[in-house]
Amino acid sequence: MTKLPDILLVLPLIVPMLTALALLALWDHRRWQQAVSAVGATGLLVAGLVLLSSVWRHGILASQMGNWPAPFGITLVADLFSAIMVVLAGVMGLCTAVYSIANIGVSREQTGYYVLLHFLLMGVCGSFLTGDLFNLYVWFELMLLASFVLIVLGGHRRQLEGGIKYVTLSLLASMVLLAATGMVYGAAGTLNMADLAMRLPQLDRPGLVTTLAMLFLIAFGIKAAIFPLYFWLPASYHTPPAAVSALFAGLLTKVGVYALVRVFTLLFTQEVGYTHSIILVIAGGTMVSGVLGAFAQTDFRRILSFHIISQIGYMVMGLGLYSPAAVAAAIYFIAHNIFAKSNLFLISGLVRQMEGTYRLKRLGGLYASQPLLTVLFLISALSLAGLPPLSGFWGKFGLARAGFAQGQYLIIGVSLLVGLVTLLSMLKIWMYAFWRPRPGRRESRPPLGLWTRVLYLAPIVLLAGLILAMGLAVQPFFLLAERAGEQLFDPGQYMQAVLEAR
Amino acid sequence: MLVSILLAIGLAVVTPGLYRLLGRATGVLLGLASFGLGGYYLRYADGVAAGEIYRESVSWVPLFGVEFSAWMDGLSLVFVLIITGVGGLVFLYASRYMQEYDLQGRFFGYLMLFEAAMLGVALSGDVIALIVFWELTSISSFLLIGFDNDRPAARRAALQSLIITGGAGLALLAGVILLTLAGGSSSWGELLARGQTVRDSALYPAILVLVLIGAGAKSAQWPFHVWLPAAMEAPSPVSAYLHSAAMVKAGIYLLARVHPVLGGTDLWAWLVGTVGMITMAVGAWRALGQTDLKRMLAYSTVSVLGALVMLAGVGGEYGIRALIVYLVAHALYKSSLFLMAGTVDHEAGTRDIRLLRGLGREMPLTAAVGLLAGLSMAGIPLTFGFSGKELLLEAGLQASRGSWLFTVAAVLSSVSMVAVAAVCGLRLWWGERAQELPHTPHRAPLRLDLPPLILASAGALLGVWPALVDARLLGPAVGAVAGAAVPLELHVWPIVNLALALSAVALAGGAAVYFFLERARRWEHAAHGLLPGWLADWYPTVMHGLSDAAYVHTRWLQNGRLRSYVMICCIATVLLAGYTLIRKAEFGPIPLEMGVGANLWALIIVFTVCWVAILLVRQVLSIVVLLGGIGFSMALVFLLHGGIDLGITQVAVEALSVLLFVLVLYQLPQQVDVRVRLGRLGDVAVALAMGGLIAGALLAVVSQGPVSAVAPYYLDKAYPEAHGLNVVTVILLDFRALDTLGEITVLGVASLGVFALLRLEPRGRPRMQGDLPLSQGGLRSRILVTTCLYLLPLLLLLSLFLLLRGHEQPGGGFVAGLVGAMAFALYAVARDARQARAALRVVPRYLVGTGLLLAVGSGIFGVVAGQPFLTGLWAPGGSAILAHAGTPVLLDLGVYLLVIGSALTIFFDLVEMP
Amino acid sequence: MLVLLCITVGGLFAAGIYQMLRGSLVRLIIGLVLLGHAVNLLVFTAGGLASIRPPYVLPDGSVPPGLADPLPQALILTAIVIGFGTQAFAIVLIRRVYREVRTDDLHELRTTDVTRK
């Protein structure tokens, strides 16, 4: 009999892959591709939810690929954190798949957009589930390459310009990651993360291990867009279609954050005083620098892009504080941020579709003409700024609470002030695009068809609903994050699950 | 009680829909609903007066100990009655006043949301839940201030108010979290019991300051007060409700609420008292300089709020009594004055007090409002305002700390109050009417006069009949703030004492100021003009500063130059990792003897020559050749160190790469180096540092010798369990098959990416095979063409050979695929892509799909057989061609097809696309 | 000779970074290729070079002593494939960018990335 983990753990990889292959076979059939893509994304979400509930009930699950015992084969492993991330990937995949049908356009569909979308999801899920450092590199590459293509798909000059910066810096990060991985193997003789967690402390070379930790911090840091490594993000994220921006904004940087959290709770915990202080400083810099960048922008999506960075700072702050409560808050914050940030991007795309521009100076009048969109924007924007009773409030609350408990007053002060500037720049969008009367005369665009509106709005409404739910029914969501944080702080569980599976 | 909050929120949510159904009746209906809520709360009055505290609680976030709970004591009761009572009247007023506005449904929705949030603030039994409602009041206030959103001033004022109150709300949040940490709970019940613990805690000063910032900004305390006068851009009902009666009192409520926990210390008295006193003075002084009726009222509100905060700071029986009574009195007269100002504005079309005179004849009822409320505001005996003012002065006189200071300030601000009251009660109505009013005023509709009249009359009524409320309602509130029962008995007729004398002084002074109002205004202006700009109006200064800082920061960091980005990333790497590496300098003995001697030296010389040459050469083609040189030396290094598969793969990849480079670089500028001189030294330094870091770290790693914990296992199990002799291939296809699955997917995606990049131009549909121009027949070298014709089958044969023996000998799907792809790629380059496509017979993209399908299928077999994914399943025995048939072989085949498919997708397109 | 290889890796890395810092499209891709080589060689070196005997089991299934560690080789093979894919994409991207902007100068690529007032 097949054991449950053996199926549950590979489904998040196989479902997107088979979906992508089916889409490849349906290359010339647009409508079918749209449908299959949406179904596949739903499948991924369901697979993620089943995995999550199973991990919740049975604890950490592991499956030895190829039936080779750890650490010799590759282990797929899902603790709560991984499972949560897979579910989030599923949610985002579904939202993007649906939204894309209206947003992405025929020519991109004909050049493999949906195929790439699902390969991207496969890479993302692989990164979340793998228990092997080199395998993590492989999934990162898959995710990166698919994202490279998606970001330049369409070939507009701005996409190419952004793309080249994105590609260059991402590849630089990959090189550092691969180099660091190679050195870890050279130093510890294994690649399995659970095995490494056991061997690294026994090496008795904290200086070397911490150096490797710094290399990982740089490599994952570039991908997570922390300060001062984030340049590729504001250069590129505002260039592709909104569906792609939204997916990237929600998911991709979080894979970097996931990896940071994973290695800095599991592997590199020998010199916490040193490493995590550095992380905390970086977190502060990331928040401040990102929010200042956002405040200087006058383009809907560029504001949002810089805010991604700023918000990454909060997640990294949770890691830097390094307590179960702080990491739990960071996990909650990741989920919140994925919903809120992606939703704002999705909204920006709909605005663009209706008004023809992302530039705030040319927008206006949405408050009067689009009541539903106004409400949806307010929910997402105020949540991002951390106002209660929305999800962002509880994320910041959790972080501040954990930080106070450790006496880290400075970083909390910074995080709260950054929250204020975040509010300010969200209101900037509001003031220009929504409240201000529509400037000048513009050619009247034909109203969107009903079906198009539904496709645009369904994901936005879903995400807004999730933001509200996370804000009002905090307990179950935060409890999940709390348990995930506790698991991360008990590496023994992880090691046992991986090394003793089967 | 919780139900009532939820009901109010629900009502707010459905209000826009309700408006669509009911139209203008909505306002009236909501007003009645508000009164209904008030009536419901009144039911608790008797119990509360008897000293009871009503509590309800539902667990909300047990993880943080946060409850959604209600707490009804005297203080809460007074507040909810003000909120619902004034709220109901404002709704009635607004139902008429807002008739000319668009989007009324939203207006009433926001107003109801505000009322609900305010009820939540006043009733919350949990500080965290209080914050939630607190910020909700800020948001609804934002939406209401900017309701007339077509006017830039309204939008700006709304933004300012939200930034200041919302920002201070963050300070409050921090303070409250500290409070819950110090007090061990977030519920009032627990906190009230642990006041001493909190006050003794080291966090106490921080808690106090943070809470004061939050409460102070909300209640327009100096220096945060600037948002309140600006908020007068809001429609008048909003000013009356939010900015005199309810929201600005939330800060007072909070200070009163935490008084039993945080109050009573010297720090509290001085800090809170001083802030209040400054605010009181600033508000009073600035009120005199205003010409806009609403702004004048707003500054006088600031002054009163300052007085209330000062009273909270002064504390003690007198202070708290005064606080409660003055608060209620002010809520009554000030909201009616704001509504009156709205009516005047509505009728006369202006709020400029220089124009507004002598309106009494046309608007008698409105004049009555002004007079009644003005009397109360001025503190004339037999009004409720008198009781408030008298208690204020009394509290100043009785204060245990800073008595004379507080008293003098209170008297001076009372002078200004009297003058403002005279403007509202006398000046507007008496005298000669100005001719140049925008509208000709006439009698206001009853619905605009009645609500303020009711409020003003209530003030008058309580003045002559204080027994109606003093012991029953206000007494318990005083008790709640003081933390112990305090008797409260108000008297109708003034008692002759020092406070009364001071009151008379204030009255006389006020009358004098009123008569010289023009001069006072000029003085105020002159004095204000003396202040430096950033002090007089700090908000725009801060905003501009922030904006400039953001701009400079972003211009400098995100400068658009990829070079600078790479540079910063490298510097960060070198600093972080480099410092960490040398910090402990754990290098073992450097192993000098391992490896191959002379050969390696030779290779390394080749490396060095190549890369130095690359730095110097500017011909792109030469660079490509040199890169090839490096690639082939890599292959040799691998071969020399036992990496046979690695070596041949590297050779194959290098060959394809060179082909690729030639195809592409062909179209790039042939000479490079535009910016040779650009910061070369810095670049060299950064590059060397980066190289040094990597070399150093690597040295530190290898200095301990090989430590592989897994290699022996692979060698031991390769043949018996994975049926292969070539251990590298076995690892790729079996031990770490998942890597391979991921890796070939990457390659497939890369080929799709190249396809998309080449085909998809902005605007216009992608170019597909059918509509390409006939391709420009390759390089057209006869020798090459002929060679390729023969090379194709030969290379294909070699490729199959490599594929089949991969499990035993050097080879395998990947290198075999590369060779196969090379065959067709050369063919395409030499002849043309169409013929190569014809020779291949299938669309390469389908090979990609098939290859991936085979690969993933080989894994799924394992799952079907009840094993983990990618488990190798082997056929028993073996066949003639393959020593063993098993799923890893299937994976190998998948790799083979995929590599051919991917490489050819790339090459064919590159050759085809001009 | 391990030291030699370490230095070679460092040198390749430095050369790659230096090329990337040149502000030229073509140099950029050359830099990436060099970095790719550097990292592959690094993984190879980091494995320790225990032996120069290729990791092949004898046809009878017995394991001769002193074989090279097969794992780094497998890792590098994977990395080579991935590197080939990413490089192919990057090269074509560069070509595409050049056709669009008609300059080799990376500093010209700032039309969407600079904050304007």
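Results for (1) surrounded by 17 or more Cβ atoms within 10 Å (Cβ to Cβ); (2) within 12 Å of chain B (Cβ to nearest Cβ); (3) among the β-branched types (V, I, T), shown as yes or no for each residue.
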site	(1), (2), (3)
A:I14	yes, yes, yes
A:M17	yes, yes, no
A:A22	yes, yes, no
A:H29	no, no, no
A:A35	no, no, no
A:V39	no, no, yes
A:L44	yes, no, no
A:L49	no, no, no
A:S53	no, no, no
If you go through the stretch B:197-232 one residue at a time, how many are in a helix (DSSP H, G or I) and within 25 Å of the chain's Cα centre (by Cα)? 19
Select the helices (runs of 4 or more DSSP H) contained entirely in the stretch A:73-171, then report the ones holding at least 2 residues which are at pLDDT 95 or above and more than 9 Å from chain B (Cβ to nearest Cβ). A:80-103, A:113-129, A:133-152
Take the stretch B:166-196 and flag every residue that is farther than 27 Å from A:L420 by Cα and in a loop (DSSP other than H, G, I, E, B). B:G184, B:R194
Can you name the condition, by its number, that A:R436 falls short on among (1) at pLDDT 95 or above; (2) within 20 Å of A:L376 (Cβ to Cβ)? (1)
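Each row is one residue, and each column tells you yes or no for (1) within 20 Å of B:T279 (Cβ to Cβ); (2) within 12 Å of chain A (Cβ to nearest Cβ).
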position	(1), (2)
B:S140	no, yes
B:D148	no, yes
B:P152	no, yes
B:L159	no, yes
B:I163	yes, yes
B:G167	yes, yes
B:A202	no, yes
B:W222	yes, no
B:V226	yes, no
Over the stretch B:730-745, the set of residues closer than 14 Å to A:G73 by Cα and touching a residue at least 40 places away in the same chain (Cβ under 8 Å) is B:V730, B:L732, B:L733, B:D734, B:A737, B:L738, B:T740, B:L741
Between a first residue in the stretch B:543-555 that is facing chain A (nearest Cβ under 8 Å) and a second residue that is in a helix (DSSP H, G or I) and aliphatic (A, V, I, L, M), which pairs have beta carbons less than 6 Å apart while being 6 or more apart in sequence or on different chains? B:A550/A:L292; B:H553/A:L292
Among all residue pairs at least 6 apart or on different chains, which show Cβ distances below 6 Å where the first residue, located in the stretch B:700-721, is facing chain C (nearest Cβ under 7 Å) and the second is among the charged types (D, E, K, R)? B:S708/C:D69; B:A711/C:D69
Yes or no: the stretch B:422-429 includes at least one residue that is over 14 Å from B:G313 (Cβ atoms) and free of Cβ contacts under 8 Å to residues at least 12 places away in the same chain. no
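Matching residues to (1) out of contact with any strand residue (DSSP E or B) (no Cβ under 8 Å at 6 or more places or on another chain); (2) modelled with pLDDT of 95 or more; (3) part of a helix (DSSP H, G or I); (4) within 11 Å of chain B (Cβ to nearest Cβ):
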{"residue": "A:H276", "(1), (2), (3), (4)": "yes, no, yes, no"}
{"residue": "A:I282", "(1), (2), (3), (4)": "yes, yes, yes, yes"}
{"residue": "A:G313", "(1), (2), (3), (4)": "yes, yes, yes, no"}
{"residue": "A:A326", "(1), (2), (3), (4)": "yes, yes, yes, no"}
{"residue": "A:A329", "(1), (2), (3), (4)": "yes, yes, yes, yes"}
Would you check which residues across the stretch B:442-479 are modelled with pLDDT of 90 or more and acidic (D, E) and list them? B:D449
Does the stretch C:19-46 hold any residues that are touching an Asp or Glu at 6+ places or on another chain (Cβ under 6 Å) and farther than 14 Å from C:I91 by Cβ, and which are they? C:L21, C:S24
From the set of residues in the stretch C:59-117 that are in a helix (DSSP H, G or I) and of a type in the set (K, R), which is modelled with the lowest pLDDT? C:R99
For the stretch B:457-487, what are the residues that are β-branched (V, I, T) and buried (at least 16 other Cβ atoms within 10 Å of the Cβ)? B:V469, B:V478, B:V481, B:V486
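For every residue, the table says whether it meets (1) closer than 22 Å to B:V658 by Cα; (2) at pLDDT 90 or above; (3) among the hydrophobic types (A, V, I, L, M, F, W, C).
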| site | (1), (2), (3) |
| --- | --- |
| C:G23 | no, no, no |
| C:V26 | yes, no, yes |
| C:G31 | yes, yes, no |
| C:V43 | no, yes, yes |
Residues satisfying the stated conditions in the stretch B:401-421, i.e. among the β-branched types (V, I, T), touching a residue at least 60 places away in the same chain (Cβ under 8 Å) and under 30 Å from B:L267 (Cβ atoms): B:T407, B:V411
Within the stretch A:284-300, of all residues that are surrounded by fewer than 23 Cβ atoms within 10 Å (Cβ to Cβ) and more than 11 Å from chain B (Cβ to nearest Cβ), the one nearest to A:S380 (Cα to Cα) is A:D299
Somewhere in the stretch B:588-604, is a residue farther than 30 Å from A:V167 by Cα, modelled with pLDDT under 80 and facing chain A (nearest Cβ under 9 Å)? yes
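Can you tell me which of B:L397, B:L393, B:L365 is surrounded by 21 or more Cβ atoms within 10 Å (Cβ to Cβ) and either in contact (Cβ under 8 Å) with a residue 12 or more places away in the chain or hydroxyl-bearing (S, T, Y) (or both)? If you could, list the steps in order and put the result at the bottom.
Numbers: B:L397 fails: surrounded by 21 or more Cβ atoms within 10 Å (Cβ to Cβ); B:L365 fails: surrounded by 21 or more Cβ atoms within 10 Å (Cβ to Cβ).
Step by step, each of B:L397, B:L393, B:L365 is checked, and only B:L393 is surrounded by 21 or more Cβ atoms within 10 Å (Cβ to Cβ) and either in contact (Cβ under 8 Å) with a residue 12 or more places away in the chain or hydroxyl-bearing (S, T, Y) (or both).
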Identify all residues within the stretch B:135-154 that are among the charged types (D, E, K, R) and surrounded by 24 or more Cβ atoms within 10 Å (Cβ to Cβ); write none if there are none. B:E135
A:P206 - would you say it is touching an Asp or Glu at 6+ places or on another chain (Cβ under 7 Å) and either farther than 30 Å from B:L546 by Cα or modelled with pLDDT of 95 or more (or both)? yes
Taking A:T374 and the conditions (1) within 12 Å of chain B (Cβ to nearest Cβ); (2) without any contact (Cβ under 8 Å) to a residue 24 or more places away in the chain, which numbered condition does it fall short on, given that it satisfies the others? (2)
Across the stretch B:254-272, the tally of residues that are surrounded by fewer than 24 Cβ atoms within 10 Å (Cβ to Cβ) and not hydrophobic (A, V, I, L, M, F, W, C) stands at 4
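Mind listing just one residue for me: the one in the stretch A:172-218 that is hydroxyl-bearing (S, T, Y) and facing another protein chain (nearest Cβ under 7 Å) and, of those, farthest from C:L2 (Cα to Cα)?
Among residues in the stretch A:172-218 that are hydroxyl-bearing (S, T, Y) and facing another protein chain (nearest Cβ under 7 Å), the one farthest from C:L2 (Cα to Cα) is A:T210.
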Quick count over the stretch C:3-17, residues being facing another protein chain (nearest Cβ under 7 Å), more than 18 Å from B:G647 (Cβ to Cβ) and crowded, with 24+ Cβ neighbours inside 10 Å, is 5
Criterion first (of a type in the set (D, E, K, R), over 20 Å from B:L562 (Cβ atoms), facing chain B (nearest Cβ under 7 Å) and buried (at least 20 other Cβ atoms within 10 Å of the Cβ)) does C:D104 satisfy it? no
Could you tell me which numbered condition B:D352 fails, if it satisfies all but one of (1) surrounded by fewer than 24 Cβ atoms within 10 Å (Cβ to Cβ); (2) under 38 Å from the mean Cα position of the chain (by Cα)? (2)
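The values are calculated or read from the model by the stated rules, or taken from the named source; none is laboratory data. What you see is a predicted model, and the numbers here were worked out from it, not measured in a lab. For neighbour counting, all protein chains shown are included, and Cβ atoms are generated from backbone atoms with ideal geometry for every residue, glycine included.
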